[in-house]
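I have placed the structure first, in the form of structure tokens, so that the comments after it can refer back to it.
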Amino acid sequence: MSSYPLSRRSFLALSAMLPWAWQARASTSIPVGLELYSVRNELKRDPEATVRAVGQMGYQCVEFYAPYFERTDAQTKDMRRLLDGLGVRCYSTHNELNYLNRENLQRTRDLNLTLGSKYVVVASAQPKPGLDGWRELADTLNAAAEQLEPAGLKVGYHNHQPEFMPVEGKRPLEILAGHTKPSVLLQLDVGTCLAAGSDPVAWIRANPGRIHSIHCKDWSPEPGKGYTVLFGEGAADWKGIFAAAESVGGVEYYLVEQEGSRFPELETAQRCLKTFRSLHS
């Protein structure tokens, strides 16, 4: 297991928040985690040190994204031991669609079981043009779900903007919701939903019991800002989103996600967690 130190700037920023972070860890019954794409550069440099830093901030879970698939079985077991030592869970991973094909599905299953995952989430897909392409994608998700269910794993799908943009008069995400098994997670990315002009609260209420996790990414319509605003600085109605997610959505855990900001990655993650705790009380 690697032990390269964090940068001095990141370490000092992290240390300043530790007393607050550990106290906040037990402040809510619904865990809050970090989608590790938010700290992708730090993660690439030193995965173990980065995950340790994220856990020490007070994040209760993490979501690994596609490069986790490239790690060896031994590295994955080491990561699980690190998570267990930190008291941090991995409830889901983000996956490329081909991780669910015949050649890769067994490895995807085994890695997720090692990490302790519950959901294997497809991060994005580019189906054939037209609604028939989205129906075929729904069939693919259903088939993978049937194969993974005996191992105790479920399949999910994560939206971006295209899924909310009408095709032939209908939003593709509506096709996925209507043609996938109820057990298939519809992981809501709030920021891209807003950027597409859709209402995340309305979407949650229209799909009760399907929104088991939410990417808490904000978005601003102001020129030059977009996804670079920190959590809580954009257009999202987080109070309304939390209320809908917890009353009808079936949310099991939240995931902060940041595509980039005016601060270094780890400091960004700290600031977002602090704001999340203040809004989700």
Placing +1 on each Lys and Arg Cβ and -1 on each Asp and Glu Cβ in the chain, then taking the dipole about the Cα centre, the residue among Leu153, Ile30, Ala53 whose Cα reaches farthest towards the positive end is Ala53
Counting lysine pairs in the range 8-279 that sit 8 or more positions apart or on different chains, with Cα atoms under 20 Å apart, gives 11
The long-range amide H neighbours of Tyr91, using H built 1.01 Å from N in the peptide plane and a cut-off of under 5 Å, are Val62
Under the rule rounded for a/c under 1.5, else prolate if a/b exceeds b/c, else oblate, using alpha carbon gyration tensor axes a ≥ b ≥ c, the range 8-279 is classed as oblate
If each part is reduced to its alpha-carbon centroid, the range 96-133 and the range 30-91 end up apart, in Å, by 19
With 0.36 nm assigned to each residue of separation and the Cα-Cα distance removed, Val167 to Leu279 gains 36.8 nm
Extension length gain for Thr72 and Lys44 (0.36 nm per residue less Cα distance), in nm, is 8.6 nm
In debye to the nearest 20, the charge dipole size for the range 30-158, taken about the Cα centre with +1 at each Lys and Arg Cβ and -1 at each Asp and Glu Cβ, equals 240
Of all C-alpha pairs within the range 183-244, those more than 17 angstrom apart amount in percent to 34
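No value in this document is a laboratory result; all are computed from the given coordinates. Predicted, not measured: the structure shown is a model, and the values here were computed from it. With ideal geometry, Cβ positions are generated from the backbone for all residues, glycine too; neighbour counts draw on all protein chains shown.
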